[in-house]
Number of protein chains: 2
Amino acid sequence: MQVFLNGRFLPEAQAVIPISDRGFLYGDGLFETVKITHGRPLWWEHHMERFLNGAEFLKLTLPWSPAKLREFAARLIQENALPESVLRVTLTRGSGPRGYSVKEANCPTLAMTLQPLPVCVTSVRLAVASLRVLPENPIAKIKSVGKLTQILARAEAQMLGADEALLLNAKGFVAECAASNVFWLENGRVCTPPIESGALAGVTRRVVLDMCAEKQIPTGEEQIKPAELFGVDGVFLTNSVAGIIPATDLNGRVLLQSPLVRERLLRCLPTRRTCG
Amino acid sequence: MQVFLNGRFLPEAQAVIPISDRGFLYGDGLFETVKITHGRPLWWEHHMERFLNGAEFLKLTLPWSPAKLREFAARLIQENALPESVLRVTLTRGSGPRGYSVKEANCPTLAMTLQPLPVCVTSVRLAVASLRVLPENPIAKIKSVGKLTQILARAEAQMLGADEALLLNAKGFVAECAASNVFWLENGRVCTPPIESGALAGVTRRVVLDMCAEKQIPTGEEQIKPAELFGVDGVFLTNSVAGIIPATDLNGRVLLQSPLVRERLLRCLPTRRTCG
């Protein structure tokens with residue numbers, strides 16, 4: 001596999017970073033996970049908008065423009081012959097002096113890697129994680145490399161026999177899942193927690209909300225307690241790789257799935273089953 | 001400079017990790033920062049206790065025992081001729097399949113590096129950071145590599161003309177500083193926020209509390225609002241490198257420092273000005 005690292009295309013085994021990289025030392029960086037389909041990145045502009053916002057928030061300088069990164073991505077897809085794949089773009093602050101201060105750390109690391117598209121899941125079982133997320137957290141909006149909460153939540157959910165973790169915020173409201181945003185259908189509306197709940201500003205989340213607006217399907221960004229999810233007409237998750245994934249149960253208890261409502265709504269959404 | 005990486009001693013320029021390391025990709029790791037003085041690690045057992053607790057929490061297997069790590073550290077100190085320095089021990093989950101799941105990621109990365117001891121600060125000016133931390137957060141207790149909140153808080157404090165950031169939790173109570181724990185003196189007692197406030201379980205924090213107990217100085221683990229710090233007899237910070245550092249002001253307003261009370265209390269604490 002060829003990867004891109006700081007301006008060079010090289011075999012993955014040669015793609016290394018110094019142990020002084022602040023991404024490795026302090027989680028001081030950002031990433032994007034972009035689905036590649038038919039050889040092209042899906043929702044590239046949305047991903048790059050979040051990436052640039054994140055870089056600005058962290059005061060990181062992007063060494064190449066999004067247009068240039070897209071060229072590098074195209075070459076990576078071609079060289080690896082992986083038109084159906086997952087692209088990861090990682091930006092860290094690179095190396096600098098010891099300590100948290102960002103002064104004198106001026107040489108960011110930029111890495112791009114491709115992975116084959118994973119087997120597409122058609123549904124997921126959820127479990128509420130015991131770890132909470134912080135509401136009204138500006139860092140949650142960006143896709144920082146610091147994913148320990150999500151990693152531990154996922155591991156806990158898997159231990160409980162589920163596939164994915166439902167994360168609540170410190171106030172007990174639903175925020176997101178470990179690697180996806182969460183939606184529910186209620187009274188003909190497509191609802192999701194607001195970003196202020198502590199959710200990542202997911203690209204597919206945004207696409208779903210935009211598509212609903214375009215099709216004049218009512219939406220809502222609302223707070224919800226996990227127990228209330230048993231009273232709605234359907235729950236689904238979104239992420240950039242799998243698109244839209246229905247959730248079948250929560251903590252071992254079946255989540256209602258009203259097929260008519262779900263079909264009617266989801267048929268409108270072009271990201272549905274974009275995976276595989 | 002020689003460093004230790006996965007069982008080998010090698011020049012820093014050759015110490016690299018693959019870009020697939022989960023420390024770099026997801027902040028999936030831990031570290032310790034240990035002061036080396038007179039060629040020996042200070043509070044080594046305390047650091048290793050926290051390190052082992054953190055590894056257990058993350059279900060990471062330490063590739064060497066703490067005793068073996070101490071031998072490696074001793075060799076590193078000797079080879080670099082740095083008897084007064086700062087040792088960093090980093091443990092990450094190493095490489096694994098794409099995604100948050102920790103399955104099949106079984107080969108942890110262990111790195112140890114030395115840095116010269118920084119110039120010792122004799123006091124710090126504090127500023128309250130706008131970023132909050134999560135209270136009752138089990139991850140906050142361990143020293144994970146995910147330090148973005150602390151990095152951004154420090155940068156904000158420095159922008160405001162201060163040296164260090166005071167971090168509040170989501171409830172508005174004082175939790176910790178970016179790279180230190182916070183204490184205050186009140187009615188002859190040495191107080192600090194409880195770990196449940198969202199504070200790191202700092203080694204020097206523990207040493208101070210233990211020493212107070214030994215000297216029969218009353219202590220308290222209490223919630224406090226930042227404005228209340230103006231009404232106490234003194235505020236100081238603790239960290240493993242600088243020891244105890246008095247805080248002179250908060251958001252540009254002078255913090256009271258009752259010299260008699262402070263001297264009487266701090267004289268008892270052996271970690272005072274251990275730096276430099």
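The values are calculated or read from the model by the stated rules, or taken from the named source; none is laboratory data. No experiment lies behind these values; they were computed from the predicted model shown. Cβ coordinates were reconstructed from backbone atoms using ideal geometry, including for glycine residues, and neighbour counts include every protein chain displayed. The accessibility values were calculated without ligands, DNA or RNA, using every heavy atom of the protein model including side chains. Shrake-Rupley method; radii C 1.70, N 1.55, O 1.52, S 1.80 Å.
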Somewhere in segment A:159-171, is a residue under 14 Å from residue B:102 (Cα atoms) and either away from chain B (no Cβ under 11 Å) or free of Cβ contacts under 8 Å to residues at least 12 places away in the same chain (or both)?
yes
Per the filter on segment B:231-257, residues more than 13 Å from the chain's Cα centre (by Cα) and in a strand (DSSP E or B) are B:234, B:235, B:236, B:245, B:246, B:247, B:248, B:249, B:250, B:253, B:254
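So which of B:113, B:92 ends up being under 17 Å from the mean Cα position of the chain (by Cα), surrounded by 22 or more Cβ atoms within 10 Å (Cβ to Cβ) and within 14 Å of chain A (Cβ to nearest Cβ)?
So the residue among B:113, B:92 that is under 17 Å from the mean Cα position of the chain (by Cα), surrounded by 22 or more Cβ atoms within 10 Å (Cβ to Cβ) and within 14 Å of chain A (Cβ to nearest Cβ) is B:113.
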Those strands (runs of 3 or more DSSP E) completely within segment B:149-217 that have 2 or more residues that are aliphatic (A, V, I, L, M) and buried (at least 17 other Cβ atoms within 10 Å of the Cβ) are B:164-169, B:174-177, B:181-186
Here the residues within segment A:1-54 that are assigned to a loop (DSSP other than H, G, I, E, B), of a type in the set (Gly, Ala, Ser) and open to solvent by 30 Å² or more (accessible area, probe 1.4 Å) are A:7, A:20
Go through B:8, B:70 for me and flag whichever is closer than 22 Å to residue B:117 by Cβ and not hydroxyl-bearing (Ser, Thr, Tyr).
B:70
State yes or no: is residue A:138 without any contact (Cβ under 8 Å) to a residue 40 or more places away in the chain and in contact with a strand residue (DSSP E or B) (Cβ under 8 Å, 6 or more places away or on another chain)?
no
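Kindly establish whether residue A:85 is more than 14 Å from chain B (Cβ to nearest Cβ) and of a type in the set (S, T, N, Q). Don't jump to the end; show me each part of the working.
Values: more than 14 Å from chain B (Cβ to nearest Cβ): no; of a type in the set (S, T, N, Q): yes.
Answer is no for this residue.
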Of a type in the set (A, V, I, L, M, F, W, C), under 27 Å from residue A:155 (Cβ atoms) and open to solvent by less than 30 Å² (accessible area, probe 1.4 Å): does that describe residue B:76?
no
Just to verify a result, which residue in segment B:55-67, among those that are part of a loop (DSSP other than H, G, I, E, B) and within 14 Å of chain A (Cβ to nearest Cβ), is most open to solvent (accessible area, probe 1.4 Å)?
B:59
Looking at A:31, A:4, which one is in contact (Cβ under 8 Å) with a residue 24 or more places away in the chain and touching a Phe, Trp or Tyr at 6+ places or on another chain (Cβ under 6 Å)?
A:4
Where the second residue is part of a helix (DSSP H, G or I) and the first is hydroxyl-bearing (Ser, Thr, Tyr) and lies in segment A:214-233, which pairs have Cβ atoms under 6 Å and are six or more apart or on separate chains?
A:219/A:209; A:219/A:212
